[in-house]
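Beneath this line is the structure, given in structure tokens, with notes to follow.
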Amino acid sequence: MPETTIEEFTDEARTFLDAHAERRPPATEFVWGQGSDEVSVFDERDRDSEARDAEEAKAWRRLRFDHGFGWIGGPEKFGGRDLPAAYERAYQSVEQGYVTPNMGVFTISLGMVAPTILAHAIPEVQDLYLRDLYRGDRVACQLFSEPGAGSDLASLQTKAVRDGDEWVLTGQKVWTSSAHLSEIGEIVCRTDPEQPKHRGLTAFVMDMRAPGVEIRPLRQMTGGASFNEVFLDEVRVPDTHRLGEVNGGWTVALTTLMNERASIGAGGGGGSGMFSPRRLHAMLEHFGLADDPVVRDQAARIYCDFTVAKWNNQRALDKIKAGGLPGPELSTAKLALTNNLKAYSEWVASVLGPRILADTGEWGTFAFSKLLTGIPGMRVAGGTDEIMKNIVAERVLGLPKDPGIDSTTPFKDLLVNSERG
């Protein structure tokens, strides 16, 4: 049993927050922002704004860590407190009552890369990075996808060639979130092209500021550029920064991918308050639809679906925090998120009508156009919906795999055989 009870811990957290953050005023009615409301699923800020917000988030992360709230469930040797998951939830519940910086810049660092380093890096690398990541001294990104290897990650072609005690990395990655804000990155490369595609991969932790690394922004429909292309021109990485065994990178990648789906699914839109029942009701009241039974029923379904997904995600995250391995069932979390966002955007469109096309400044419209332009990307991020459905069907439900395609037979012959069959 922990020496500190959860009640004592909660009082400690409240004392810390009272000393360093401003309390949110109690809301007697729903008021969203002060006339500049926006809702989006991908960042639409310019890079200077992103950098300023990242510095604010880092400062708050350091303050939390130095007062014992930076890695509540983490090992004490890395600055954590080794407390059960319930303590982390208790802190988050208390912090929601205070005005604090947005922690989005750490989603990949702490939700995906840090758990992989903890699971697969040698002690020297764990000592070098874990404390810094959870304290906010470093930000990490994930370098997996390539122009020709997105959902079929195992077909990636970025190569790593061994040169003594170092590896030389050459190739291109794409859709790398926050690469421009990151000090380090987790990367998977092909180290043995003669092996089957899943077996010739190796994972590393690399320096994002090293010679030979070039980061270029990718502009999105939302107007932002939180994604990047990353070009690697003979970038050197020490062998000590290898994660797992040589040619064992697929296992490492699966650890990250399952944590990625847990992180994406766990977000669920709840952090922005977009699924708040008070918000949904306030919109219906404002647009004169509070007595419309069909629209009210849709709102209730949206809230219920989000709540069920949130509870299911929490169960999966508690399993991971208790030492269990992330499993394929986390693909359901990612699917639930995209389905809930799609249903929500359709509901918003029916409520707002033409107002959804642009931000008119009217209360209750919340610049939802940025949400609509961002949602298609969510159906791809963290694995496409189609890939997620295959994973759930095959690895969770035990259904037969899709029939394979004979890549050696010309497409026209496949068509002829199909018509005959």
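The values are calculated or read from the model by the stated rules, or taken from the named source; none is laboratory data. Remember, predicted model here, so these are calculated numbers, not experimental data. Cβ: placed from backbone, ideal geometry, glycine included. Neighbour counts: every protein chain shown.
Values as computed for the structure displayed
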quantity: Selection count where residues are more than 28 Å from the chain's Cα centre (by Cα), at pLDDT 80 or above and part of a helix (DSSP H, G or I), scope the range 384-419; calculated: 0
quantity: Count of the range 196-235 residues which are hydroxyl-bearing (Ser, Thr, Tyr) and closer than 22 Å to Ala154 by Cα; calculated: 1
quantity: Selection within the range 273-287 - modelled with pLDDT of 80 or more and part of a helix (DSSP H, G or I); calculated: Leu280, His281, Ala282, Met283, Leu284, Glu285, His286
quantity: Index of the failed condition, Gln142 passing every other in (1) among the polar types (S, T, N, Q); (2) assigned to a strand (DSSP E or B); (3) in contact with a Cys (Cβ under 8 Å, 6 or more places away or on another chain); calculated: (3)
quantity: Inter-residue pairs, beta-carbon under 8 Å, first on the phi < 0 side of the Ramachandran plot and in contact (Cβ under 8 Å) with a residue 12 or more places away in the chain and in the range 197-215, second acidic (Asp, Glu) and assigned to a loop (DSSP other than H, G, I, E, B), 6+ apart; calculated: Arg199/Asp192; Gly200/Asp192; Gly200/Glu194; Thr202/Glu245; Asp207/Glu183; Met208/Glu183; Arg209/Glu183
quantity: Looking only at the range 334-383, and only at residues there that are more than 23 Å from Arg279 (Cα to Cα) and within 14 Å of the chain's Cα centre (by Cα), the one that is modelled with the lowest pLDDT; calculated: Gly382
quantity: Of residues in the range 158-179 being modelled with pLDDT under 95 and of a type outside the set (Gly, Ala, Ser), the one farthest from Asn259 (Cα to Cα); calculated: Val174
quantity: The listed residue being within 22 Å of Thr251 (Cβ to Cβ) and of a type in the set (A, V, I, L, M), out of Ile215, Ile184; calculated: Ile184
quantity: Among the candidates Val235, Val205, residue that is in contact with a Pro (Cβ under 8 Å, 6 or more places away or on another chain) and either part of a strand (DSSP E or B) or modelled with pLDDT of 95 or more (or both); calculated: Val235
quantity: Leu257, sole failed condition from (1) in a helix (DSSP H, G or I); (2) farther than 30 Å from Asp48 by Cα; calculated: (2)
quantity: Residue within the range 187-199 that is farther than 22 Å from Gly248 by Cβ and either touching a Phe, Trp or Tyr at 6+ places or on another chain (Cβ under 9 Å) or modelled with pLDDT of 95 or more (or both) present; calculated: no
